[in-house]
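Structure provided below as structure tokens; questions to follow.
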Amino acid sequence: MQGSVDLEAYLRRIDWQGTPVANLVTLRSLAIAHVNAIPFENLDPLLGLPVDLGLAALERKLVHDGRGGYCFEQNLLFAAVLRTIGFEVSGLIARVLWHRPEDAITAQTHMLLRVEMDGETWLTDVGFGGQVLTGALRLQPDIEQATGHEPFRLVVREGDWRMQSLIHGQWLSLYRFDLRPCPLIDYVVANHYVSTYPESHFVGNLIAARTTPDRRLSMLNREFTVRRMDREPERHTLRDSAAIRRVLEEEFLLRLPVHADLDRRLDALPD
């Protein structure tokens, strides 16, 4: 895995105050601050631009340029931050089940993090879009665990771990994974697939998400959705590139890339 980052710049980016130490309080609060400040977004694949997983590129894009990214970018950066603080971190890779049947066979296209601390194992993940984990989960099956938003839990089925969240009274699986550390090259291969394959969800659609202390914000093409706990979602259809730009900048806090094709791609998004 990659090395250290400019920790002061990162903490300014996520508006985190204090001196971080390698403990559970810091881990949870950093994860919550991260997803509030650095949005999930796929503008580079949408524009046909390469997604560089080098640490210098990630730091420049997510920390200094006011951009966001998807799971590999978010969690590789977060892993480097945690290591700089002194956490023991390894990366895992998962098969996404969100909005899919429980027995679906999907590719390994999602990254999450395993953190060893005081003789216990914890999982954290700042890169799962609109249903991102806000905090950290103890690696223990079949117990409901509190997060900054919905309760989460881990279950073991047929040898795989599954991360689930409780939504409207129903446990839904986000993804399934095992506990073998994933080498960087496997993320590079998966990243190339999801950012360039014509049928990838990230190539033909606009996807964005941001999770604040009281709201989950998500964007799929022209539909902007606001979800609050124990309320029905608020859905807004955005008419044109100007409206989409405004929401991305004001609600997702994105500094949009300067690209000649951006407005054309936004105007061409499906309803």
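Quick one: Ile185 ticks every box in (1) assigned to a helix (DSSP H, G or I); (2) surrounded by 19 or more Cβ atoms within 10 Å (Cβ to Cβ); (3) β-branched (Val, Ile, Thr) except a single one, so which number is it?
(2)
With the requirement that a residue be at pLDDT below 95, charged (D, E, K, R) and closer than 26 Å to Gly169 by Cβ, what does segment 229-271 give you?
The answer is Asp230, Arg231, Glu232.
Quick check, is Ala9 among the small types (Gly, Ala, Ser) and more than 14 Å from the chain's Cα centre (by Cα)?
For Ala9, the condition - among the small types (Gly, Ala, Ser) and more than 14 Å from the chain's Cα centre (by Cα) - is met.
Determine, yes or no, whether Ala57 is free of Cβ contacts under 8 Å to residues at least 12 places away in the same chain, out of contact with any strand residue (DSSP E or B) (no Cβ under 8 Å at 6 or more places or on another chain) and among the small types (Gly, Ala, Ser).
Spelling it out, Ala57 is indeed free of Cβ contacts under 8 Å to residues at least 12 places away in the same chain, out of contact with any strand residue (DSSP E or B) (no Cβ under 8 Å at 6 or more places or on another chain) and among the small types (Gly, Ala, Ser).
Test of understanding: among Ala56, Ala22, Ala33, which residue is more than 18 Å from the chain's Cα centre (by Cα) and assigned to a helix (DSSP H, G or I)?
Ala56
A further question follows. Mind checking which residues of segment 97-121 are part of a strand (DSSP E or B), surrounded by fewer than 16 Cβ atoms within 10 Å (Cβ to Cβ) and polar (S, T, N, Q)?
Thr121
Note down all Cβ pairs under 9 Å where the first residue falls in segment 139-152 and is free of Cβ contacts under 8 Å to residues at least 12 places away in the same chain and on the phi < 0 side of the Ramachandran plot, the second is charged (D, E, K, R) and surrounded by 15 or more Cβ atoms within 10 Å (Cβ to Cβ), and they're at least six residues apart or on different chains.
Ile143/Arg153; Gln145/Arg153
May I pose another question? Is there a residue being closer than 22 Å to Ala31 by Cβ, under 15 Å from the mean Cα position of the chain (by Cα) and either part of a loop (DSSP other than H, G, I, E, B) or not acidic (Asp, Glu) (or both) anywhere in segment 218-237?
Yes; the residues of segment 218-237 include at least one that is closer than 22 Å to Ala31 by Cβ, under 15 Å from the mean Cα position of the chain (by Cα) and either part of a loop (DSSP other than H, G, I, E, B) or not acidic (Asp, Glu) (or both).
Out of segment 188-202, which residues are within 23 Å of Val35 (Cα to Cα) and either in contact with a Ser or Thr (Cβ under 7 Å, 6 or more places away or on another chain) or outside any helix (DSSP H, G or I) (or both)?
Passing the criteria: Ala190, Val194, Phe202.
The values are calculated or read from the model by the stated rules, or taken from the named source; none is laboratory data. Note that the structure is a prediction, hence the values are computed from the model and not measured. So basically every Cβ, Gly included, is an ideal-geometry build from the backbone, and we count neighbours across all protein chains shown.
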